[in-house]
1. Run Thr159 past the list (1) part of a strand (DSSP E or B); (2) crowded, with 21+ Cβ neighbours inside 10 Å; (3) within 11 Å of the ligand (Cβ to nearest atom); (4) hydroxyl-bearing (Ser, Thr, Tyr) and report the number of the one that doesn't hold.
2. For the range 87-125, name all the residues that are more than 13 Å from the ligand (Cβ to nearest atom) and surrounded by fewer than 16 Cβ atoms within 10 Å (Cβ to Cβ).
3. Identify all residues within the range 177-206 that are more than 16 Å from the ligand (Cβ to nearest atom), part of a loop (DSSP other than H, G, I, E, B) and either more than 21 Å from Phe218 (Cβ to Cβ) or without any contact (Cβ under 8 Å) to a residue 12 or more places away in the chain (or both); write none if there are none.
4. Could you list, in sequence order, all residues of the range 162-176 that are within 16 Å of the ligand (Cβ to nearest atom) and within 19 Å of Phe215 (Cβ to Cβ)?
5. Among Gly135, Gly182, Gly192, which is the only one that is surrounded by fewer than 22 Cβ atoms within 10 Å (Cβ to Cβ) and modelled with pLDDT of 95 or more?
Amino acid sequence: MMFDGGWPNLSRGRAIVLILAVVGLGWLLLRVNHANPSQISLWNGMLANASGGAVEANALKGFAVQTGQGMRGDLMPHGNPLNAPNTVMTQGYGVGSHAPANVWGAIDLALDGDSDGQADPGGTWNRPVHATNPGVVTLTSGSWPAGNHIWVANDQYKTGYAHLQEFAVSDGQQVERGQVIGYIGSTGQSTGPHLDYQIWHVQDGRWVNVNPLDFGAFEAIQ
Ligand SMILES: [Zn+2]
């Protein structure tokens with residue numbers, strides 16, 4: 001008599017009831033776990049949110065795969081990296097040192113500090129530079145021709161900020177659109193303080209230079 005007398009002193013009837021209860025509970029748990037994949041994703045996402053930023057970013061990437069276009073829009077650069085209404089373009093896209101556009105495409109931006117319609121060094125030196133897209137920062141100090149340079153890269157877009165006086169972020173840092181990343185300078189191949197601003201976009205698996213004027217480069221960052 002397997003269940004009679006030994007520990008935990010169950011009768012055969014009680015043992016059968018206990019086994020049925022355990023099997024039943026297991027079946028119920030399995031059903032809940034396999035019931036609805038979208039519910040499980042949401043649940044994992046909530047867990048990830050609760051455990052902090054880096055994990056949250058991974059969770060959001062997971063959702064991007066599921067929801068498609070929505071997240072791609074959020075990764076796109078938008079707005080003026082100087083985020084100031086008195087911004088002046090001192091060299092256009094694809095001309096001068098920005099040619100050919102597929103290699104050197106950029107726009108140069110500076111500030112008109114004395115409201116005469118022209119950029120001036122006094123109004124431009126050390127003004128803050130803002131990331132226009134969310135992404136991970138790569139810093140390069142004292143490079144040529146870009147001087148102190150920042151890339152902000154995500155899966156779809158990277159933006160480049162050249163000739164900076166100083167960095168306001170560290171290498172590998174995750175930044176959001178609008179965050180101050182550095183200060184305008186004249187480092188590298190540059191004759192006066194300005195920001196050289198580039199945008200690159202993944203097309204057919206390659207980084208392609210695109211015109212910042214097509215990405216609201218004179219609009220407020222939002
Ligand atoms: Zn330039």
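The values are calculated or read from the model by the stated rules, or taken from the named source; none is laboratory data. Predicted model only: the values in this text are computed from it and were never measured. A quick note on method: Cβ atoms are made from the backbone with ideal geometry, for glycine too, and the neighbour counts reach across all protein chains shown.
1. It is condition (3) that Thr159 fails.
2. Listed by number, the residues that qualify are Pro100, Asn102, Asp114, Ser115, Asp116, Gly117, Gln118, Pro121, Gly122.
3. Applying the first criterion (more than 16 Å from the ligand (Cβ to nearest atom)) to the range 177-206 yields 177-181, 183, 201-206.
Okay, now just the ones that are also part of a loop (DSSP other than H, G, I, E, B), so 177-179, 204-205.
Selection gives Asp204, Gly205.
4. Result: Ala162, single match.
5. Only one candidate passes the filter, namely Gly192.
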